[in-house]
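Written below as structure tokens is the structure these notes are about.
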């Protein structure tokens, strides 16, 4: 990056956390609502014609004021543009400028620009080429040296009383001085306003001047910004609306990517600097190691042409003291995973990758930084798809995080419910959607895993059937066609990375299969009628079981591996993904949903009648009288043997009517309690 001009170092205004004592990148910011107060302060026109009132929440920055700024269209202040005013307390002459970022309806409509109160101050300072009067040090306290331009004896005395105070202490002191001098109009007016914090910090960020390393990211280069927007537009986003988070972030960048940090631990910035004859650091001439020597630690290694004894000596060298931001290193995860530079054959085969799975909250950090590095290094996006997960929410619908102390470690959950049950709950979270932590869902997952064990045991224990037997009974054929549709849907959903949809459709079919189909055909499968009918049921059950075990394998990996081992060789996770043709091979007829609905509807109304009579589902029905449509009656007739077995029905009759419902009147055997 450095050789191509994509990385650079410079002394510039930098967002700074005074507790962590480190620079902070734009991606690490968060706004927090904090109480504050508007102070109305009188600046004095240099020609003596009156005062200009400004509202500020940071009166402690008065010594750092370098200009007053109003909107070009604000008629109130147009006569002042190009003229000067003097600051209260410090009597420093500052210009009045027009700039479109000034807000006509905020406060008095004219603002003081200080070095630096917020990011708007930085923009004004840069674009209007204003003076530098920084007064806050890296520890958040007022520096000892008075800013340039402050020469008034009274002003210097005021400033001396602020030295060493924190920003908050200085604010209180300045407010008292202004009140005493009569230059604060009225009392401070309490407000609540958003203040920028480092995402891990406890105090508001300051903006200090420091030397940092940057990588260009389009924040100051429209062409590069457009190129990175095009890279994002070319990705397949899951869910699709998340692409707007990427584009909004890139379009809102106001500076390059700050990648250096002032911390003890991290990957060191691998450069040194020569020292001149006076021992001053020559930052504009960094000493860069040969790529073949990387990685290096400039705090312990010496650059080529120097020896360790020259470290810190005039005419010698000094190592860069900073380390890289977390995202500066993790932005290379595709290259690291693909063994870039170490295994060119592997890298060429896997890069660019197919998918990046990650959380939606780090699109602006991990995803974007990875895109920037790949764009520069390979001129391509590092993957073609982005699958985004949501947050896990606690019972109060708040994001679970270690810092908030509301996380639940999974070890105990595995012991209570099993790994598959916890995974079941996790898989139910749709891409990009926040999901509530729920042990109730884990209980459902455990029930599903247990049911898979039980139904596998039943199907494999009902009796043998030759591999070449093809199901012939209408209900068996219709069931396999219904499952074939599920396979197609699940395959399409997995290809779209919608794992939750796979679980939803597979689970829906599975419970129908267990509760309705298996109950309907199990008596026939035990050779209660004809051998042909039994073999049809057994073959259909085994075909379906093989498919269901493979469909569920990515979702419930442990229980599916267990049941697969009962009757198949190898691992289910290395088996072929199922296809619809696996199910429909050799079948003599096509899908028949109407048949399934009618037969299942018939057994359903018999079950309901027993439930309403408060008898066991095994209770014998001496007679069942159905009323339904002609088509449903035909289907019920075709499947009556299975219905009679499942419902314990001795006699039945059916009549037709113009209806879409299936109605039944049952006569229970006597002495049923």
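Overview of results
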| item | result |
| --- | --- |
| Those residues of the stretch 369-387 which are outside any helix (DSSP H, G or I) and farther than 17 Å from residue 358 by Cα, in sequence order | 379, 380 |
| Test: residue in the stretch 97-115 that is under 20 Å from residue 136 (Cα atoms) and modelled with pLDDT under 95 | yes |
| Selection within the stretch 148-162 - at pLDDT 95 or above, within 18 Å of residue 117 (Cα to Cα) and assigned to a loop (DSSP other than H, G, I, E, B) | 162 |
| Some residue of the stretch 217-226 being in contact with a helix residue (DSSP H, G or I) (Cβ under 6 Å, 6 or more places away or on another chain), touching a residue at least 12 places away in the same chain (Cβ under 8 Å) and either over 25 Å from residue 1 (Cβ atoms) or not in a helix (DSSP H, G or I) (or both) | yes |
| Filter result (in a strand (DSSP E or B), under 23 Å from residue 31 (Cβ atoms) and out of contact with any helix residue (DSSP H, G or I) (no Cβ under 9 Å at 6 or more places or on another chain)) within the stretch 167-209 | 189, 190, 191, 192, 193, 194, 195, 197, 208 |
| Any hit, the stretch 124-131, residues being part of a helix (DSSP H, G or I), over 27 Å from residue 17 (Cβ atoms) and more than 37 Å from the chain's Cα centre (by Cα) | no |
| Count of residues meeting criterion [assigned to a helix (DSSP H, G or I), buried (at least 17 other Cβ atoms within 10 Å of the Cβ), under 21 Å from the mean Cα position of the chain (by Cα) and in contact (Cβ under 8 Å) with a residue 60 or more places away in the chain] in the stretch 475-499 | 1 |
| Residue satisfying all of: in the stretch 334-354; touching a strand residue (DSSP E or B) at 6+ places or on another chain (Cβ under 9 Å) and assigned to a helix (DSSP H, G or I); surrounded by the fewest Cβ atoms within 10 Å (Cβ to Cβ) among these | 337 |
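Residue-by-condition table, conditions (1) within 29 Å of residue 26 (Cβ to Cβ); (2) surrounded by fewer than 19 Cβ atoms within 10 Å (Cβ to Cβ):
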site	(1), (2)
65	yes, no
68	yes, no
90	no, no
101	yes, yes
122	yes, no
135	yes, no
139	yes, yes
155	no, no
165	yes, yes
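Residue by residue, here is whether (1) surrounded by 19 or more Cβ atoms within 10 Å (Cβ to Cβ); (2) within 18 Å of residue 519 (Cβ to Cβ); (3) touching a strand residue (DSSP E or B) at 6+ places or on another chain (Cβ under 8 Å) holds:
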{"site": "636", "(1), (2), (3)": "yes, yes, yes"}
{"site": "646", "(1), (2), (3)": "yes, yes, no"}
{"site": "653", "(1), (2), (3)": "no, no, yes"}
{"site": "664", "(1), (2), (3)": "yes, yes, yes"}
{"site": "669", "(1), (2), (3)": "no, no, yes"}
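The values are calculated or read from the model by the stated rules, or taken from the named source; none is laboratory data. Remember, predicted model here, so these are calculated numbers, not experimental data. Note: ideal-geometry Cβ built from the backbone for every residue, glycine included; neighbour counts use all protein chains shown.
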